[in-house]
Amino acid sequence: MYRVVEIEEVVTETPTIKTFFFRDNSEPQPGQFYMIWLPGVDEFPMSISYIGEIKGFTVKRVGAGTARMHQLQKGDKLWIRGPYGRGFRISQKKALFVGGGSGMATLAPLIDMMPGDVVIAARTRDELLFRKRFAGRKVYLATDDGSEGFKGFAHELVEKLLHQEDYEIIYTCGPELMMRKIIDIAISKGIDVQASLERLMKCGIGICDSCSINGYRVCVDGPVFFKDELVKMKDLGKYKRDKAGRRVPL
Amino acid sequence: MLSFTLNGLRFKNPLILASGILDESGETMLKVIEHGAGGVVTKSIGRKPREGYENPVIYELPYGLLNAIGLANPGIENYGEEIKVAKKGGVPVIGSVFGSTVEGFVYLAKKMEEYGADAVELNLSCPHAKGYGMEVGTDIALVEEIVEGVKKEISIPVWAKITPNTENLVKIAKAVEGADALVLINTVKAMAIDIEAGMPVLSNKFGGLSGPCIKPIGVRAVYEVYREVEKPIIGVGGITYGRDAIEYLMAGATALQVGTAVYLRGIEVFSLIAKEMEEWMEKHGYAHFTELIGLAQVR
């Protein structure tokens with residue numbers, strides 16, 4: 001059953017990303033997600049980016065559903081179900097958060113709840129998400145094109161930072177290839193890691209098998225996975241499943 | 001207490017994963033087997049890759065699930081590897097197939113046999129795919145030809161999964177009696193409308209209802225058919241707890257399938273139900289579950 005919530009505010013974060021604020025009395029954990037239905041358009045999974053009394057979805061425009069969502073304004077409605085899945089596990093270890101593109105939206109409520117340094121990565125400076133959100137801590141910026149901060153990929157900056165600081169855990173969310181690289185770094189350096197994965201998702205409740213990766217269901221076993229699970233995901237960063245369930249190269 | 005042989009296949013318990021739930025990839029089926037399933041039926045596979053319907057494809061209700069996935073599947077030519085992986089679990093793997101013609105079903109069933117499936121389940125009952133499933137499965141002459149056609153061409157057992165969405169349940173059951181076992185029921189054709197949106201929730205509008213709310217329909221179907229056909233019946237529809245399994249056995253089921261309960265109780269539901277069945281049987285003085293089959297039939 002869906003709950004109908006009203007959009008109370010829309011904030012344009014980047015040229016392709018907007019945050020939609022609403023009230024809902026569910027109590028999500030950082031890393032959990034909801035299914036958003038826009039009647040007659042589409043239904044899609046969306047992680048929560050603000051988890052207080054006023055909640056938020058921070059949505060990148062990627063397809064028909066999210067494009068329609070970007071047209072919505074204050075006073076418009078969203079049909080939601082959730083929260084679903086397993087979120088991040090808060091750790092006492094010295095943490096580095098690494099968000100790529102809109103992946104930063106998933107990490108943000110976790111960062112609000114625990115200390116640690118932050119890497120915000122994007123293709124270009126205009127797409128750096130939440131660069132002003134995390135006051136009073138070290139925030140490193142990285143852009144693929146070098147238009148701001150470190151010039152290069154997020155994992156290259158992470159390798160550099162690991163020479164400077166003794167981080168004990170990396171929390172990451174972003175493009176799968178970026179996460180694969182960061183997980184490999186964590187494994188080789190003996191650092192703990194948690195990653196929030198994204199796969200083509202249909203039911204969101206653990207029965208249709210669309211989002212499964214090597215026997216793990218992203219929708220209920222994840223979307224956040226821990227190191228002992230991530231090391232077993234041989235398809236991560238290599239193969240995905242398409243809408244028909246075919247295993248195809250990423 | 002729970003192990004048995006059906007159609008020459010050895011099962012450690014009668015709780016088989018129903019088609020359509022966590023059974024598209026071999027690795028996921030292995031997970032289900034690890035959690036105690038006595039066997040697994042694959043997602044229904046057709047000739048060509050099929051993406052299925054757009055979201056929403058599922059709707060959660062207080063009493064079950066409504067779905068119209070739309071027979072999404074990778075296509076039979078891409079499915080050999082998944083069967084091979086699932087077979088590593090050491091329990092029977094039953095390949096579910098859907099088609100619209102005798103030739104179509106025969107082609108798919110032969111492929112499943114070639115891939116190493118232990119049996120084939122003919123989907124004659126999906127309620128939400130145009131030209132397939134129930135639309136085929138309510139044509140009494142056609143289902144008989146499909147079952148006979150497939151039986152002639154393969155040597156592994158053939159199961160026929162039939163629909164409850166008909167007034168001709170017993171006639172259809174008799175028409176498919178050439179199969180080695182009958183599976184009933186598939187989901188019940190249904191719809192849900194979101195009154196705030198003023199439209200059906202599922203993108204396909206119609207879907208199949210499953211879960212606890214359809215158990216009485218399944219029990220009734222098994223009970224009715226048991227009296228009329230000689231072949232073993234595999235009962236499915238709303239089995240969530242051990243007591244539901246016992247109820248289906250008493251109606252006349254020889255084996256059982258579990259689907260929506262995976263959503264309700266988690267993937268470990270197979271071992272949970274098995275334990276509950278054993279506890280109930282011990283308490284009531286039954287040594288083996290087969291003693292319960294058809295017990296509630298009034299003769």
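Below are the figures for this structure:
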{"read-out": "Candidate set from segment B:35-51 (those that are more than 7 Å from every other protein chain (Cβ to nearest Cβ) and more than 20 Å from B:ILE239 (Cβ to Cβ)); member that is farthest from the chain's Cα centre (by Cα)", "value": "B:LYS48"}
{"read-out": "Single residue of segment A:20-67 satisfying the filter (of a type in the set (Val, Ile, Thr), in a strand (DSSP E or B) and out of contact with any Phe, Trp or Tyr (no Cβ under 7 Å at 6 or more places or on another chain)) that is surrounded by the most Cβ atoms within 10 Å (Cβ to Cβ)", "value": "A:THR58"}
{"read-out": "Any hit, segment A:205-215, residues being out of contact with any helix residue (DSSP H, G or I) (no Cβ under 9 Å at 6 or more places or on another chain) and among the hydroxyl-bearing types (Ser, Thr, Tyr)", "value": "yes"}
{"read-out": "Candidate set from segment A:231-250 (those that are within 10 Å of chain B (Cβ to nearest Cβ) and touching an Asp or Glu at 6+ places or on another chain (Cβ under 7 Å)); member that is farthest from A:ARG180 (Cα to Cα)", "value": "A:ALA244"}
{"read-out": "B:GLY149 vs. criteria in a strand (DSSP E or B) and not aliphatic (A, V, I, L, M)", "value": "no"}
{"read-out": "Test: A:ASP228 is more than 14 Å from every other protein chain (Cβ to nearest Cβ) and part of a loop (DSSP other than H, G, I, E, B)", "value": "no"}
{"read-out": "Residue ID - surrounded by the fewest Cβ atoms within 10 Å (Cβ to Cβ), chosen from residues in segment A:185-213 that are charged (D, E, K, R) and within 14 Å of chain B (Cβ to nearest Cβ)", "value": "A:ARG199"}
{"read-out": "Per-region count, segment B:130-155, residues of a type in the set (Val, Ile, Thr) and surrounded by 21 or more Cβ atoms within 10 Å (Cβ to Cβ)", "value": "5"}
{"read-out": "Test for B:ALA18: is it touching a residue at least 60 places away in the same chain (Cβ under 8 Å) and within 11 Å of another protein chain (Cβ to nearest Cβ)", "value": "yes"}
{"read-out": "Those strands (runs of 3 or more DSSP E) lying entirely in segment A:79-157 with at least 1 residues in contact (Cβ under 8 Å) with a residue 40 or more places away in the chain and buried (at least 21 other Cβ atoms within 10 Å of the Cβ)", "value": "A:95-100, A:117-122"}
{"read-out": "Qualifying position, being within 14 Å of chain B (Cβ to nearest Cβ) and modelled with pLDDT of 95 or more, among A:TYR171, A:TYR216", "value": "A:TYR216"}
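The values are calculated or read from the model by the stated rules, or taken from the named source; none is laboratory data. All values derive from a computational prediction rather than experimental measurement. Counting neighbours? That spans all protein chains shown, and the Cβs are built from the backbone with ideal geometry, glycine included.
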